[in-house]
Each structure stands twice: as C-alpha cells, then as structure tokens.
Amino acid sequence: MASPDAPQAIDLLVIPSAVVPVEPAGTVLTDHAIAVDAGRILAILPAADARARYAARELRELPHHVVMPGLVNLHTHAAMSLLRGLADDLSLMDWLQNHIWPAEGAHVSRAFCLDGVRLSAAEFIRGGVTCANDMYFFPDASAESFSAAGMRAVVNLIIIDFPSAWAAGPDEYFAKGIAVHDAVRGDPLIRTVFAPHAPYTVSDDALRKARAYADELGIGIHMHVHETAFEVADAVEKTGKRPWQRLKDLGMLGPDFIAVHMTQLTDQEIAEAAQFGVHVAHCPESNLKLASGFCPTTKLLAAGVNLGIGTDGAASNNDLDLFGEMRTAALIAKGISGDAQAFPAAKALHAATLGGAKALGMDGEIGSLVAGKAADFIAIEMNAPHLQPVYNVISHLVYAAGRGDVSDVYVAGRPLMRERRLTTLDEEAVVANAMQWRTRIKPAP
C-alpha cells in the first residue's frame, strides 16, 4: 500500500515561466505548475508544491515559455483553405458570386472537405488554435478530419436555399444535418450547431425550422449577419426590414445565437444584442480585406455583449492566424474610437479564448485554465528577440507574439504539437495533398 505521504501519480506536470489562466482577468502566475490527469486540469499551484505533491509520468519543464488556454476560432470555413488566394482584392458579393460559388460548384466534394479541413487543422494547431467553430458543406467530413487531428470542433449543420454537392435543398440540408448531429454525439471532441448561412440566402420558413430544431436539440445557431452595408440596404429595399429586425421578428435571437461580422449596427441593435444575449463573432481581417466595414466592438463590449474572434476562411483572409486577429481587433478598436484604452490586451485575449468558448456554450470546459476544466493549453516561447524584454506578459501575447512562437499545443492533455512538431498529422503529406488540389482547381498555365 502506498504511503499516505507519497506523491500522487498523475499523467503530466507542466512547469513554465508563467501561466496566463485568462480568469481571473489580467492574472499572470509565475513559478507555477499545471497538473494534468485523465485529460483534465487537476490543479494550478506553486511549482515547488507541485513537485512535492505529484509524481508525473511526464514532466514538461518550459523555463522560457508562457502557458495559456488554447485559442478558440469562433468563425471559420476550414475546407476553404484549398481556395486560399483564388480570388483576392474583391468586394464580398463579387468575390462570392463570381468566383467562390462557381469554384465551389465545380470542386466541392466530401474529399475536398476532408483534405481542406486537414490542411486547416495543421495551420490551426501550429497557430495555437485548439477549438474551431466551422461552417461549411459536408460537416461529416469536417468532423472526421478535426477528430483525427485531435482538435475540438463545433461542426456546423449548414442551411442554405440553393443546392450544393452536400444537399439539394433545405429539407435535405436539415435531414443530413440532423444525421450528422446524431452520428457525432459520442465524440468527446466534436459538437454541432445549426448554421443558416445568411439572411440573404435562407428563407423565412427555413429560419423558423432552424430555430425549432435548435431548440429541440439544444445546439444553438451560428449565422452571418449584417456583414456589409449592401446586404442591409438590399434587404430594406426588398423587404422593408433590416436583416436584424427580420431575425428578431422570426424569434431567431437568443443566448444560443452567434452573429458573425455585425459591421452595420445601430445603437438600438447593439442594445438588443445585449438584451437577447446574442454573441458576436468578430472577424476583423476578413472584414478589412473584403472592405465589409468595421464591427463596433467598443460599443458592443460596453453594452455587455460577449465577443469572440474568428479568422473567417482562408479564401477571404488569407490566413488562419488568431494571434494576428487578436492584435488587429485591438488596434482597429483604438483607431475607430480614438481611444487608446479601447479593447485593451486583456479583453482581446479574453475574446480569443474564453469569449469564444462562452459563445459556443463551452466555457465550463475550455477557454481558461481552471482546475476541473479540460487540459486544452498552448505554450508560447518567449525568448526570441522580438519578445524581449518582457514587462507585461499579457500585452506581449497580444501585441508582440505571433503564431510562430507557439511551441506546444495540448487538447484534453494530449500533445498535438510538441516542440513545434505536429504529432497527429503528417505535415508533408497534408501540404503535398493541398498542392494536388491546386492543380485540379486552377491548372498551371
């Protein structure tokens, strides 16, 4: 029988130079360790106490690193990484109607989605993203690729009025989506959400049906809303209503609703977003590149709206770099408001971690480093010239660090990247496969 004073056997003990748990906000813990067992955080405690209390099967000493929660990408179209750079420097509707939708019609298939998500998963993991909220066709393929990579994902059960390779129309989108929801319920890494594409691509009947099914299954709704001024003006001309008003009248809005982009908002709409508990997925770089407008993040935060950050797809960004999005989000808010204290570093970090987790209803599981939560964390190596000297760790993570500084990534206590080497994906094969898709989609001249 083991002595009562003997150290407790655990799976993993991580001892970095600092831990940024995200909650409580602004906290930086030095000389602390993270104890992990059975995929969960057992404790965060002083390093000396941890060494005495635990006998870890694996000890990771990271003397030049900061450990923080894995990033949560609140809005992306992962398979579209295979369309990266296909159509650039265009407005949203030109980009969609004349380039992306034709390319998707010609090439999207289950194989396309399996390979595109695999490519994105490699980029996500390298960039410290441990959970992605992914809206695209063939959600079954997305679930398969994310799960195989060891990432968490919320795969979207897409709804759109027009036919695609995935489904012929709304009835089939719903039927197939519900089948995917049923199929992934046993996967601890995969969840689902309904995803009516946008107000201009989904009818009232389909929206009502999405709300009814979301309520029945308890899985929420994720939707592009007020992405551009054209979208709003066109809706008013055709229906007499702004899209937000239409969604409100249809009973779509609530604490399980994630509104993406939200660049065109009145003060009343901002107040209503707070009133209904709607979450906003802010995609600053995609909005900039497509000239879609600016999400009023300062006003949304002041109103009490929960904000997360997304990259959008690699076809409109053109990367999946959430560290870059954090920095851009903070800087845009300052520039637009004329207030250097708008959207400070700690709030940007919160949006990219716990804010995204809350929007997905997963803040009890991920988004911060707290005993009892899943052991989803990343390590940032801080001894590079561009990260020295360090006066404020949180400020550095947002304004100076980049995805190339991520050295280690864990999900549920499992390493997906260790010392900058992917452990669950064959990176060479993923890249070679992407190059083959390039030849199929746009043959070399």
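The values are calculated or read from the model by the stated rules, or taken from the named source; none is laboratory data. Just so you know, these numbers come straight off a predicted model, no measurement behind them. Note that each Cβ is placed from the backbone with ideal geometry, even for glycine, and that neighbours are counted across all protein chains shown. Heavy atoms of the whole protein, side chains included, go into the accessibility calculation; ligands, DNA and RNA do not. Shrake-Rupley method; radii C 1.70, N 1.55, O 1.52, S 1.80 Å.
Any chance you could list the semi-axes, whole Å, largest first, of the equivalent ellipsoid that the Cα gyration tensor gives for the stretch 313-401, using √(5λ)?
On the way: eigenvalues 97, 68, 44 Å².
In descending order, the three semi-axes are 22, 18, 15 Å.
How far is it, in nm, from the label point at A111 to the one at D319 when both lie 7 Å from their Cα along the line to the Cβ?
3.1 nm
Find the Rg to Rh ratio for the stretch 238-284, where Rh is the Kirkwood radius over alpha-carbon pairs and Rg uses the same atoms.
Values: Rg = 10.4 Å, Rh = 11.1 Å.
Rg/Rh: 0.94.
Among the listed pairs K209/K248; K248/K299; K289/K334; K299/K334; K209/K373, which have their C-alpha atoms separated by more than 22 angstrom in this model? It would help to have the intermediate numbers written out before the result.
Values: K209/K248 15 Å; K248/K299 20 Å; K289/K334 19 Å; K299/K334 12 Å; K209/K373 34 Å.
Violating the 22 Å Cα-Cα cut-off are K209/K373.
For every helix of n ≥ 4 consecutive DSSP H residues, a contribution of -39,500 (n - 2.57) applies; sum these over the chain, divide by its total residues, and give [θ] at 222 nm rounded to the nearest 500 deg cm²/dmol.
Working: 17 runs with 164 residues, N = 445.
It comes out at -10500 deg cm²/dmol, rounded to the nearest 500.
If amide hydrogens are placed 1.01 Å from N in the peptide plane, which non-local residues have theirs closer than 5 Å to the one on H75?
Those qualifying (amide H under 5 Å, at least 5 residues apart or on another chain) are N133, G310, T311, D312.
Tell me, what HN-Hα J-couplings in whole Hz come from the Karplus equation 6.51 cos²θ - 1.76 cosθ + 1.60 at θ = phi - 60° for each residue of the stretch 360-375, using x for Gly and Pro?
8, x, 10, 6, x, 10, 9, x, 8, 9, 9, 3, x, 7, 5, 7
Return the long-range amide H neighbours of T423 (sequence gap of 5 or more, or a different chain), with a cut-off of under 5 Å between placed amide H atoms.
Counting only residues 5 or more places away or on other chains, the set is M417, R418.
Express in nm, to one decimal, how much length is gained between A291 and I336 on full extension, taking 0.36 nm for each residue of separation and deducting their alpha carbon distance.
On the way: separation 45, 0.36 × 45 = 16.20 nm, distance 1.48 nm.
Full-extension gain reported as 14.7 nm.
Please report the equivalent ellipsoid semi-axes of the stretch 148-192, computed as sqrt(5 x eigenvalue) of the Cα gyration tensor, largest first, in whole Å.
Numbers: eigenvalues 106, 23, 11 Å².
Each semi-axis is the square root of five times an eigenvalue, giving 23, 11, 7 Å.
Starting from the alpha-carbon convex hull of the stretch 74-134, give the projected area averaged over all orientations, in nm².
Seen from a random direction, the Cα hull of the stretch 74-134 projects 4.5 nm² on average.
Report the trypsin sites (Lys or Arg not before Pro) located in the stretch 155-204 that are in a DSSP loop and have at most 14 other Cβ atoms inside 10 Å of their Cβ, or state none.
Details: sites: K176, R185, R191; in loops: R185.
Filter output for the stretch 155-204: R185.
Accessible area per residue for the stretch 392-445 in Å², computed with a 1.4 Å probe and the full protein assembly in place, what is it? Working shown, then result.
Numbers: 2920 Å² over 54 residues.
Dividing the accessible area of the stretch 392-445 by its residue count gives 54 Å².
Let me know the shape class of the stretch 248-377, please: from the alpha-carbon gyration tensor, a ≥ b ≥ c as square roots of the eigenvalues, rounded when a/c is under 1.5, otherwise prolate if a/b is greater than b/c, or oblate.
Values: a/c = 1.41, a/b = 1.09, b/c = 1.30.
It is rounded, given that a/c, with a ≥ b ≥ c, falls under 1.5.
Within the stretch 30-50, name every residue whose backbone N is under 20 Å away from a label modeled 7 Å from Cα of D5 along the Cβ vector.
What the label zone holds, given the 20 Å backbone N cut-off, is 48-50.
Counting only the backbone N, which residues of the stretch 201-233 are under 19 Å from the spot 7 Å out from the Cα of D249 toward its beta-carbon?
Counting only backbone N, you get 201-212, 225-227, 231-233.
Evaluate E = 1/(1 + (r/R0)^6) for A38 and H386, where r is the Cβ-Cβ distance and R0 equals 41 Å; express this FRET efficiency to the nearest 0.05. Provide the component values of the computation, followed by the final result.
Numbers: r = 37 Å, r/R0 = 0.91.
So the FRET efficiency works out to roughly 0.65.
Quick one: if you take sqrt(5λ) for each eigenvalue of the C-alpha gyration tensor of the stretch 338-445, what semi-axes come out, biggest first, whole angstrom?
On the way: eigenvalues 181, 84, 62 Å².
For the stretch 338-445, the semi-axes come out at 30, 20, 18 Å.
Note the full-extension length gain between R418 and V28 as 0.36 nm times their separation in residues minus their Cα-Cα distance, in nm to one decimal. List each step's numbers first, then the result.
Numbers: separation 390, 0.36 × 390 = 140.40 nm, distance 2.32 nm.
In short, 138.1 nm is gained.
Give me the extension gain from A55 to D94: residue separation times 0.36 nm, minus the current Cα-Cα distance, reported in nm with one decimal.
Working: separation 39, 0.36 × 39 = 14.04 nm, distance 5.92 nm.
Length difference between fully extended and current span is 8.1 nm.
What do you get for Rg/Rh over the chain if you use C-alpha atoms and the Kirkwood form of Rh? Write down the numbers at each step before the final one.
Details: Rg = 21.6 Å, Rh = 22.2 Å.
Taking Rh as the inverse mean 1/r over Cα pairs, Rg/Rh reads 0.97.
Which number comes out as Rg/Rh for the stretch 204-319 once both Rg and the Kirkwood Rh are worked out on C-alpha atoms?
Details: Rg = 13.9 Å, Rh = 14.6 Å.
Across the stretch 204-319, the Cα-based Rg/Rh ratio is 0.96.
Restricting to DSSP loop positions (anything but H, G, I, E, B) with no more than 11 other Cβ atoms inside 10 Å of their own Cβ, which chymotrypsin sites (Phe, Trp or Tyr not before Pro) remain in the stretch 395-445?
Details: sites: Y399, Y410, W437; in loops: none.
For chymotrypsin sites (Phe, Trp or Tyr not before Pro) across the stretch 395-445 that sit outside H, G, I, E and B with at most 11 neighbouring Cβ atoms in 10 Å, the list is empty.
What whole-number value in Å² describes the accessible area per residue of the stretch 238-314 for a 1.4 Å probe?
On a per-residue basis, 34 Å².
Using all C-alpha to C-alpha distances in the stretch 122-252, build P(r) with 10 Å bins and read off the rounded percent in each one.
Distribution as computed: 12, 40, 31, 14, 2 percent.
Mind listing the long-range amide H neighbours of L157? Cut-off is under 5 Å, sequence gap 5 or more, other chains count too, H placed in the peptide plane at 1.01 Å from N.
Here V193, F194, A195 satisfy the definition.
Residue by residue through the stretch 382-397, which ³J(HN,Hα) values in whole Hz follow from phi under the Karplus form 6.51 cos²θ - 1.76 cosθ + 1.60 (θ = phi - 60°), with glycine and proline marked x?
10, 9, 6, x, 6, 10, 10, x, 10, 9, 9, 4, 5, 4, 4, 4
Over every pair of different alpha-carbon atoms in the stretch 4-98, take the mean of 1/r and invert it; report that Kirkwood radius in Å. Show your work: numbers first, answer last.
Numbers: mean 1/r = 0.0606 Å⁻¹.
Every distinct Cα pair counted, the radius reaches 16.5 Å.
Calculate the FRET efficiency for R208 and T439 from the Cβ-Cβ distance with a Förster distance of 45 Å, rounded to the nearest 0.05. Kindly include the intermediate steps, with their values, before the conclusion.
Numbers: r = 44 Å, r/R0 = 0.97.
Given R0 = 45 Å and the Cβ-Cβ separation, E is 0.55.
Expressed as a whole percentage, what fraction of the accessible surface of the chain belongs to carbon and sulfur atoms when a 1.4 Å probe is rolled over the protein heavy atoms?
54 percent
Using the Karplus equation 6.51 cos²θ - 1.76 cosθ + 1.60 (θ = phi - 60°), what ³J(HN,Hα) coupling, rounded to whole Hz, does each residue of the stretch 17-27 give in order, writing x for Gly and Pro?
6, 7, 10, 10, x, 6, 10, x, 4, x, 6
Two decimals is fine: what is log10 I(q)/I(0) at q = 0.17, 0.21, 0.27 Å⁻¹ for the stretch 95-178, from a Debye sum with one equal scatterer on every Cα and no solvent?
Reported log10 I(q)/I(0), two decimals: -0.71, -1.00, -1.29.
For the stretch 221-299 and the stretch 64-78, what is the centre-to-centre distance using only Cα atoms, to the nearest Å?
Computed from Cα coordinates, the inter-centre distance equals 24 Å.
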